[in-house]
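K.L.:
Sharing a structure below in structure tokens format, with a few things to ask.
Derivation of every value follows stated rules applied to the coordinates shown; laboratory data play no part. All of these numbers come straight from a predicted model, not from anything done at the bench. Quick reminder, even Gly has a Cβ in these numbers, built from the backbone with ideal geometry, and neighbours come from all protein chains shown.
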């Protein structure tokens, strides 16, 4: 019987929508920290179009050992961070136990970029009458920002004519939940760029701009 996995998310403090431009109840000090800064933005992003959320391939067989099942779920979470299709790999220690309290370090890659995950296995899901659902918590060591992922976010949220950024790589590692060195400005039809970009942030749920 294949154990089914339920991920326990521990991404407290993330914005639910990740959209910029709305009013905030934060203090003046916080507003100064997140205020758009004037930066040189010569990279023009175009609309990548809508596409389904990427899935790693191939998926493990029903009879696959527990470590392969966990590694596959972490690849899915890595793709979610990137918010763009890409080649992924995943590896957890062989013989990883599904016993509650088991801890391990797993590794995933996205286009060659390495992310380590601190994994803690939980108990059987309370709502699972069959007992074949196992919870686990996994915390990544770093985030990922991708050029296509940022484009999908900004065109999906704001529908601009184009977006200007300061040379976001195709894919790069970035600290989680803090402003990165990359900024972007959506430019609407008939408007001219103002030259003020909003910082891009890596989160477990994909890129955010605020």
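K.L.:
Would you order 123, 205 from fewest to most other beta-carbon atoms within 10 Å of each residue's own beta-carbon?
P.N.:
Sorted ascending by nearby Cβ count, the order is 123, 205.
K.L.:
Run the simple label-point estimate for residue 170 and residue 55 please: 7 Å along Cα→C-beta, distance reported in nm.
P.N.:
In this crude label model, residue 170 to residue 55 measures out at 2.5 nm.
K.L.:
What is the pair-distance distribution P(r) of the stretch 167-210, computed from all Cα-Cα distances in 10 Å bins starting at 0, with each bin given as a whole percent?
P.N.:
For the stretch 167-210, the pair-distance distribution reads 26, 49, 22, 3.
K.L.:
Beta carbons within 10 angstrom, averaged per residue: use that to sort the peptides 172-184, 93-105, 46-58, highest first.
P.N.:
Top of the packing list down: 172-184, 93-105, 46-58.
K.L.:
Okay, next question. Binning every alpha carbon pair distance of the stretch 54-141 at 10 Å from zero, what are the percents per bin?
P.N.:
18, 48, 30, 4
K.L.:
Give the value in nm², to one decimal: projected area of the alpha carbon convex hull of the stretch 59-210, averaged over all directions.
P.N.:
Mean projected area for the stretch 59-210: 10.5 nm², to one decimal.
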